[in-house]
Every structure is written in C-alpha cells, then in structure tokens.
Amino acid sequence: MYTVTRRICIDAGHRIPTHGSKCRNLHGHRYAIEATCYAASLRRQGEETSMVVDFGFLKELMVEHIDAPCDHAMILYVDDPIFQKIFLNSAGDVQLNLVKQAIEKYGWWAGQTAYEMKVYAVPFIPTAEELAKHWLERLQHPVGVRSHKRATLSRVKVWETPNCSAEVANPALRVTPL
C-alpha cells in the first residue's frame, strides 16, 4: 500500500460554547490540516504516472473545500447563541432559517454577515475532532473523483496548535480486531 499526505494551513476563529474554561470565548488558531490518501498500486500511465495522487491535485481540493470557505472565517456552531445573535441582529430570522436549511442539506454553510464577518457555520461544536471528521467527509468524494477512484482518502488530521492535533480515519477503512 502507498500513502501520500498533503498539508495546508488556514487561520480561523471559533469557540467551544460548552467548554468550562477559556475556549468558550471567541479565539483563533493557525490550523494545519493534513489529508492522507492511499492506493494499493501506483498509477501506470498519464499525468500521475507512478503516483497515488498528484500533490498539486490534492492541494487544489483542500483549497477548494477547506481554505476558500474557512480561511480567515469564524467557524461557528449554528446553534451557538453568538452565531444566532450575529444573524438575528444583521439579517433576521428568515436568513437564519435559510442558513439552517443549507446546513441540513449540505452539512455546512459559508457566507458573510451584514457586519462583513466571514462565517463558516456547521451543525456541531467546532472542536478539532469534529472539524477533522467534517473535512474528511467534504474531501472524500472529490478525492475519489479526481483520482478516478484509484486513491482513497484514508485520514484527516487537524493541528489546532503545534502541540495539539486530532485525527479521524475513514470509517470505511477500519479493520475489526480479531
């Protein structure tokens, strides 16, 4: 089996509204996100000859699905009272309902408030663990399409600080212990 890993970094804010200490406050991180793909064999022809997947292709997907909507954004839980106040004060109940509908359909919503704040709203509290799972789900299908189903996204690791990370593995690849 062959694996490749690509890393990108973004700057984003979040808060953990249920946290019993300082992480309940709005704060930011320099997130590093690693996506690892595997393949049983290397491609034998074409532009990706002798590769699992081209690093540049993997970067393009990570930029499209993670960097573009999340870099320099506030990543907030849609049911966080702060998120709701932002929308109730700037756009009203109708807009909040549209955001919630988009989250139900796609699992996320990205946009800008009337206060010109870039927001990425999610249906979960945005811990490193949940973000790793979310970004794995967002990248999984595009990696398969881009690699013509030769490569599989096997894991996503999110570094919240240089010393703290969370990782999630593709559940379809888990091996049951004997």
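Each value in this text was obtained by applying a stated rule to the coordinates, not by laboratory testing. All values reported here derive from a predicted model rather than from experimental measurement. Backbone-built Cβ (ideal geometry, glycine too); neighbour counts: all protein chains shown.
The table for this structure:
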item: Efficiency of FRET between Asn163 and Phe55 - r from beta-carbon atoms, R0 30 angstrom, step 0.05; result: 0.70
item: Theoretical gain in end-to-end length, Gln112 to Gln84 [0.36 nm per residue, Cα-Cα removed]; result: 8.7 nm
item: Ranking of His14, His29 by count of other Cβ atoms within 10 Å, fewest first; result: His29, His14
item: Relative exposure of Ser21, Ser154, Ser165, judged by other C-beta atoms within 10 Å (fewest first); result: Ser21, Ser165, Ser154
item: Count of lysine pairs in segment 2-173 with Cα separation under 28 Å (8 or more residues apart, or interchain); result: 26
item: Label point distance in nm, Glu47-Arg30, each placed 7 Å from Cα along Cα→Cβ; result: 3.2 nm
item: Nearest-0.05 FRET efficiency for Asn97 and Ala172, computed from C-beta distance (R0 25 Å); result: 0.15
item: Cα principal axis extents for the chain, largest first, Å; result: 56, 31, 31
item: Which of Tyr115, Tyr2, Tyr77, Tyr38 has the fewest Cβ neighbours within 10 Å, and the rest in rising order; result: Tyr115, Tyr2, Tyr38, Tyr77
